[in-house]
Amino acid sequence: MQGNEFLDAMILTELEDAVGVENCSRKEIDKVTHSIDYYWLSRMWADRGHRMPEADFVVAPGDAQETSKVLQIANYYKIPVTTWGGGGGTQGGALPVCGGILVDTKRMNRIYDVNTEGMYIECGAGSIYKHIEWAANEVGKATMHYPSSLNCSTVGGFLAHRGIGVVSTKYGKIDDMVLQMEVVLPNGDIIYTSPAPKHAAGPDLNQIFIGSEGTLGIITKAQMRIFDQPEERRFRGFLFQDMSAAFQAARELLQKFKVSVMRLYDPAETASLIKKIVGVEKPGAFMNVAYEGCRELVEVEEKILLDTFAKYGAEDLGSEYGEKWWEEKITFFYPGHMMDIPQMFGTMDTIAPYDKIEEIYWAMKEAIESNFPQARFIAHFSHWYEWGAMVYDRFIVEGEDVPKDPVEALRLHQQIWTVGVRTALAHGGVVNDHHGVGIKLGRLMKEQYGPAMQVFEGLKKSLDPNGIMNPFKLGL
Amino acid sequence: MTEKSKKHVDACRFCWMCRHICPIGNATGLERNTSRARALGLSLVNRGVYKLEDVVDNLYECACCGACTKECVTGYDPVLFTREARLEAAMEGVLPAYINRLVEHCLETGNAYGITELDDGLRKAVAAHVQKTDTLLFLGVDARYKVPAAAVNAIRVLEKAGVDFTVLMEEPASGWQLEYLIGAASETREQMTACAGQLNAYKKIVAFDPQDAVVFKREYRELDVGLTAAAVTFTSFLSDLVQTGALAAENSGKEVVYQDPFQLARDLGETEAARTVINAFAVCREMLLHGRDTMWAGNLLMREWMPEVMEKVAAGRIRDAEGVGADTIVTASVSEYASLKAAKQEKVKIFSLEELVLGQGNES
């Protein structure tokens, strides 16, 4: 932001008036903690002793009304606005790269209604999802949204980046889990999406704002679905020696019933992460399956599962590994259990129908390993549908292969990403499955959408004519 | 900063996995109220990007309740580096003025509040027990100077059980406040050593305040200040009295939830003693987060510089009780009792363990 001391002081008083003096900060600690998210580049930059771009003002509105006032001020002065939920995003979507106002949503954390009749919880978008889960648990229900970042990410953050949890195959992605949302538009208008998500009253407003990453407005409240706790949840681990057989087995099974968890790890990831966390020692591709619900149905499903997978030569490892995996399902996200600085790494999750997904996996593996021999490639497939699956493929560069110069490290990181995602696109994948786009992948959005991008651009121009909302994100 | 703390700082600086259980972060919703923010700030200090004084305020927005440490499956300890950084700030002379004032009070009067006179009612209650016995009831600074009615109740409970005990009219500072404010500085050690010297005149020390109990049983040992008297928690002492029948109990059948003080539950691993007492007089139900997973409900010391946040912290814990349909919370920490009472809400009643034992109403 190009400001000056006098004007900044004026704007500060207006923001303080909007959200309260105590909820508006220009302190160093507030700026720096909002300048680095889970994006590898921001972490690397800080690790090398550099400061990332920082917001000029950090504000924490308490509700939609206060958010509206902030956006009206921002629009008047034409100040960039970046929305921050938990900061657990990997794509740099929450980074205030142009300075300006950073809106931290976590004061909007009130749980308004735990509605066991309508089977939803209405809450502020700044609520930590784990807290929503606790609220559901207190009345014997569950949110069934269990991503690794459950403990630290917000309802709004998951919605804004189209997040997903580990039981997605049965219960859905975050975009399946929301009923109604309250959204503050860039001009400060407060709007509500339709009272129910399934309707014929025009296009689905929810789906316009879900995944918009703060570029079209700020989600301030949402009604999130809750579910009955399953009477029974069972696990079964399998080992495939042939990845193709695993895909065929999974596809056939999902035509018969929906499992809750289905995760297939390629031999490289089985031999590394799965061996370390779950203890599977044998070579091959490990697949963990969970099925749950009414006891009688689970019994039947187990028989179908075992019969189906046996046809494809899967070795039945019993329930032990699956149960262990469930216990450790978010352990992967703790330091020491996954990649971390000084390693260079990235997760290029993409999704495609079954006729393309395996080809994408092999093509990306080949592209990364041949173009960047210093990179190790591992992958798993963790979200499955009747029609296709998601590949969670990762590259890791270690030791002396990680450039010491931060700009060179940035360049290599960008190059690997570009090659990887372009390969996915060339074989029928998408830019991303559930981490979002942010600043990391914005440049590739036009490559995926081509002229379709004008739909997003039209929405952006109409709703945010001053271009203040999260600039340089989502390719907008 | 030690190499161990630096390692923990670097591990925590990009990790938010304990965000959801931070009582202060939950209360404020502020990003800086995370272990990650504290670690990130300190990591940048270690890298020369910031000075310690740039981030020092943030060090004092932490209760050191250890919920984050307990939550970390890898074993990193944000309390470790927070305390170490406070000590460093003290040694570098960059403590915030509001902390300096409290430290000075601790050194001058033995308590951070700078209070020297006892409440009249408490003075009378103590006067009945100044005669030397084998057992010392150590009241602690919060009870003596901030919630004297609680101190009187502690005395009454032991009287009810027929215990022969001593209370000091001039009680030495245990050092927990200094330890919290500036860590294991030489001043802290001196205060603890002086206290241990006085306590050693007794066979058994019953620490009414869990904050004192922790330093007697942990820090005194770690710092080797020479405490030879046996220190026990007030709750475990009561539990024994109940189980031996010395403390006669009549169960009202009333359902309550128990607020585990983190000092007892996490620091000392004591979760059942208070429940034994409660279940003798009432019926103990549980909040979702209880035992070692307990969520802190605020304290008196931090009210000195962030009173509004303490009210939010307490309100959050009261909501936890409401969430399981409870209408009464029983506390075993005078500081949490005062904090919860200060939230001034009407739906959930706040009782101390002593009030429950003495059959007193919520108005006491």
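Taken together, the values in this text are just the output of simple stated rules run on the coordinates, not laboratory data. Here the structure is a predicted model, which is why all the values come from computation and not from measurement. Cβ placement follows ideal geometry from the backbone for every residue including glycine, while neighbour counts extend to all protein chains displayed.
Under 17 Å Cα-Cα from residue A:275, which lysines qualify once same-chain neighbours fewer than 8 residues away are excluded?
A:324, A:329
So for the pair residue A:296, residue A:408, with labels modelled 7 Å out along Cα→Cβ, what separation do we get in nm?
Calculated label separation equals 6.8 nm.
Kindly rank B:153-161, A:150-158 from highest to lowest mean number of other beta carbons found within 10 Å of each residue.
Answer by packing, highest mean first, reads A:150-158, B:153-161.
Per residue of A:145-151, how many C-beta atoms from partner chains lie within 10 Å of its own C-beta, taken as a mean?
So the per-residue partner count for this stretch is 2.
So what's the gap between the Cα centers of region A:301-328 and region B:222-252, to the nearest angstrom?
If you average the Cα positions of each part, the centres end up 51 Å apart.
Rounded to the nearest 0.05, what FRET efficiency is calculated for residue A:139 and residue B:319 with R0 set to 22 Å and r the Cβ-Cβ distance?
FRET efficiency, residue A:139 to residue B:319: 0.95.
In a Debye calculation with equal point scatterers on the alpha-carbon sites of chain B and no solvent, what is log10 I(q)/I(0) at q = 0.10, 0.11 Å⁻¹?
Relative scattering, expressed as log10 I(q)/I(0), comes to -0.60, -0.73.
In Å, what is the Rg of the alpha-carbon atoms in region A:289-339, and how long is Dmax?
14.4, 41
Starting from the 7 Å offset along Cα-to-Cβ, what nm value, one decimal, do you get for the label separation of residue A:22 and residue A:268?
So the label points at residue A:22 and residue A:268 sit 5.2 nm apart.
Using amide H atoms built 1.01 Å from N in the peptide plane, name the residues 5+ places from residue A:180, or on other chains, whose amide H lies under 5 Å from its own.
Close amide H contacts, sequence-distant or interchain: A:223.
Quick one: A:337, A:161, fewest Cβ neighbours within 10 Å first, how do they rank?
A:337, A:161
Provide the FRET efficiency to the nearest 0.05 for the residue B:107-residue A:78 pair, computing r from the beta carbons and using R0 = 56 Å.
E(calc), rounded to 0.05, equals 0.55.
Once you have the alpha carbon radius of gyration of the protein assembly as shown, what is it after dividing by 2.2 N^0.38 Å, with N set to its residue count?
Taking N as the residue count of the protein assembly as shown, the ratio is 1.01.
Report, as an integer, the average count of C-beta atoms from other chains found within 10 Å of each Cβ along A:108-118.
Neighbouring Cβ atoms belonging to other protein chains average 1 per residue here.
Among the DSSP beta bridges whose two residues both lie in the protein assembly as shown, what percent are antiparallel, rounded to the nearest 5?
Taking every DSSP beta bridge within the protein assembly as shown, about 70 percent pair in antiparallel fashion.
Going by average Cβ neighbours within 10 Å, how do the peptides B:347-354, A:309-316 rank, with the highest at the top?
B:347-354, A:309-316
Within chain B, which cysteines find no other Cys whose Cβ is under 4.7 angstrom from their own?
Cysteines lacking a close Cβ partner in chain B: B:12, B:15, B:22, B:62, B:64, B:65, B:72, B:106, B:195, B:284.
Report the convex hull volume per residue for region A:128-212, counting only C-alpha atoms, in Å³.
Taking the convex hull of the Cα positions in region A:128-212, it is 115 Å³ per residue.
Under 19 Å Cα-Cα from residue B:254, which aspartates and glutamates qualify once same-chain neighbours fewer than 8 residues away are excluded?
B:272, B:286, B:320, B:322, B:327, B:346, B:354, B:355, B:363
If you plug each phi of region B:173-186 into the Karplus form 6.51 cos²θ - 1.76 cosθ + 1.60 with θ = phi - 60°, what whole-Hz ³J(HN,Hα) values come out, in order, with x for Gly and Pro?
6, 6, x, 5, 5, 5, 5, 5, 7, 9, x, 7, 6, 4
Starting at the first residue of region A:77-83, write each ³J(HN,Hα) from the Karplus equation 6.51 cos²θ - 1.76 cosθ + 1.60 with θ = phi - 60°, in whole Hz, x for Gly and Pro.
My calculation for region A:77-83 gives 8, 6, 9, x, 10, 10, 9 Hz in order.
How big is the gap, in Å, between the Cα center of region A:352-387 and the Cα center of region B:157-211?
Rounded to whole Å, the Cα centres lie 63 Å apart.
Based solely on its DSSP helices, what 222 nm [θ] is calculated for chain A when runs of n ≥ 4 H residues each add -39,500 (n - 2.57) and the sum is averaged over all residues, nearest 500 deg cm²/dmol?
Here the helix-only value at 222 nm equals -10500 deg cm²/dmol.
Computed FRET efficiency, Cβ-Cβ of residue B:360 and residue A:194, R0 60 Å: what is it to the nearest 0.05?
0.65
Would you kindly work out the equivalent ellipsoid of region B:67-131 from its C-alpha gyration tensor and give its semi-axes, the square roots of five times the eigenvalues, largest first in whole Å?
35, 21, 9
Under 25 °C and 0.890 mPa s, how fast does region A:232-333 diffuse according to Stokes-Einstein, given a Kirkwood radius computed over C-alpha pairs? Answer in µm²/s, whole number.
Answer from the Stokes-Einstein relation: 181 µm²/s.
At what distance in angstrom do the alpha carbon centres of region A:225-264 and region A:133-150 lie from each other?
Computed from Cα coordinates, the inter-centre distance equals 21 Å.
With a 10 Å cut-off between alpha carbons and a GNM built on chain B, which of B:26, B:251, B:58 moves the most?
B:251
Please report, in Å, the Rg and the Dmax of region B:244-364, where both are computed over Cα atoms only.
Taking only Cα atoms of region B:244-364, I get Rg and Dmax of 13.7, 44 Å.
Could you name the lysines in cross-link range of residue B:204, using Cα to Cα under 28 Å and dropping any fewer than eight places away on the same chain?
Residue B:204 reaches B:124, B:132, B:146, B:160, B:217.
Past 24 Å, Cα to Cα, is the threshold; run A:130/B:349; A:31/A:69; A:31/B:51; A:473/B:7; A:31/B:70; A:404/B:70 against it and keep the listed order.
Listed pairs above 24 Å: A:130/B:349; A:473/B:7; A:31/B:70; A:404/B:70.
Just grab the label-to-label distance for residue A:115 and residue B:190, each label 7 Å out from Cα along the Cβ direction, in nm (one decimal).
Using points 7 Å along Cα→Cβ, the separation is 6.4 nm.
So what is the calculated 222 nm ellipticity per residue for chain B, using -39500 (n - 2.57) for each DSSP H run with n of 4 or more, over all residues, to the nearest 500 deg cm²/dmol?
Calculated from helices alone, the mean residue ellipticity at 222 nm is -13500 deg cm²/dmol.
To the nearest 20 debye, what charge dipole does chain A have about its Cα centre, counting +1 at the Cβ of each Lys and Arg and -1 at the Cβ of each Asp and Glu?
520
What's the average, rounded to a whole number, of partner chain beta-carbon atoms within 10 Å of each residue's beta-carbon in A:23-33?
Counting Cβ atoms of other protein chains within 10 Å of each residue's Cβ and averaging gives 6.
Looking at region A:153-222, which trypsin sites (Lys or Arg not before Pro) are DSSP coil and have at most 13 other C-beta atoms within 10 Å of their C-beta?
In loop regions of region A:153-222 (DSSP not H, G, I, E or B), the sparsely surrounded trypsin sites (Lys or Arg not before Pro) are A:198.
Sticking to Cα atoms, compute the Rg of chain A to one decimal and its Dmax as the biggest Cα-Cα distance, whole number, in Å.
In Å, with Rg to one decimal and Dmax whole: 22.5, 74.
Mind listing the phi-derived Karplus ³J(HN,Hα) values for region B:128-145, rounded to whole Hz, using 6.51, -1.76 and 1.60 with θ = phi - 60°, and x for any glycine or proline?
Going residue by residue, I get 6, 10, 7, 5, 5, 10, 7, 10, 10, 8, 9, 7, x, 5, 5, 5, 5, 10 Hz, with x marking Gly and Pro.
Can you list, largest first and rounded to whole Å, the semi-axes you get for region A:91-240 by taking the square root of 5 times each eigenvalue of its Cα gyration tensor?
In descending order, the three semi-axes are 26, 18, 16 Å.
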